[in-house]
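**Q** Dumping the structure here so I can ask a few things about it.
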Amino acid sequence: MQYKAIFFDRDGTLTYFTKEKEAWRDRQICEWSGKPFDLSYEKMMKLFHLASEGEKPWYKNLEDEREFFKRYYSYLLIEEGVTEDVKERAELLFNELWCNGDRVLFPETIEVLEYFYSKGYKMGVISDTSPSLEFFLQQLGIAKYFTSFTASSLVGAGKPNPIIFKAALDAQGVTAEESIYVDDYKIEADGAREQGFTSFLIDRTGNDNDAWTISDLRQLIEFVEIDN
């Protein structure tokens, strides 16, 4: 089959979080609060709820998002028992952690993007994230490869909801059957497959040998070259 489009998840697929930034954050908050800091999923969700201050969706554009995360870091410090210079310290966390080297590209990302771009594929990103999706990828130098940036916060639905996949397809003017998708989260990869995508799970541990699981993005190139 001749595919026309390829869509990528962002975090865990094209990019990963830098341990150095997380370690810096944890050290700073520990120093200010006087106790060890760990950001669990439950704690993060509570902070998102607090920072939303009754607003839903939380952010509709970049300026909304900036203000949201400044509130997020203020609430984080308050929840950790920090009482001094909260505003200034929250500003420092925001400036260091929001769209500022907190994620980096996997080694093969550019090689794979270059391949599909050179072959004329329509390319998009589908991510459960905020309005800064395109802005963030511009900072990493890879936004130029994509012609659609489908963020859950702007669509109003996250993966695996069919709404977000349809929005991405509509943005490119293609069908799911004409498209490839790859995600590092099984539920989301399966969700795309249920919508008709040729969908792959990327598991870089190499522990899964399922036919629709890959351990390196380069295997997508192998797939389309064999399939075509």
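Read the figures in this text as sums done on the coordinates, not as results from a lab. Predicted model, so just to flag it, every value in this text is computed and none were measured. Ideal geometry is used to build each Cβ from the backbone, glycine not excepted, and the neighbour counts take in all protein chains shown.
**Q** If a paramagnetic tag sat 7 Å from the Cα of Asp216 along the Cα-Cβ line, which residues of region 112-141 would have the backbone N under 14 Å from that point?
**A** 112
**Q** Tell me, in nm to one decimal, what length is gained between Leu105 and Lys87 on full extension, where the rule is 0.36 nm per residue of separation less the Cα-Cα distance?
**A** Roughly 3.3 nm would be gained on extension.
**Q** Follow-up question, since we're still on this one. Along its principal axes, what span do the Cα atoms of region 19-97 show, with the longest given first and each in whole Å?
**A** 34, 27, 23
**Q** Further, regarding this structure: About the Cα centre of region 76-228, what is the dipole size in debye to 20, counting +1 per Lys and Arg Cβ and -1 per Asp and Glu Cβ, all else neutral?
**A** Charge dipole, region 76-228, about its Cα centre: 480 debye, nearest 20.
**Q** In whole angstrom, note down how far apart the Cα centers of region 1-78 and region 175-208 are.
**A** 24 Å
**Q** Could you pull out the pairs from Lys35/Lys60; Lys144/Lys186; Lys21/Lys87; Lys19/Lys56; Lys144/Lys166 whose alpha carbons sit more than 24 Å apart here?
**A** The pairs that break the limit, which is 24 Å between Cα atoms, are Lys35/Lys60; Lys144/Lys186; Lys19/Lys56.
**Q** For Kirkwood radius over Cα pairs in Å, several values are listed as (i) 18.9; (ii) 18.4; (iii) 17.0; flag the one computed from this structure.
**A** (i)
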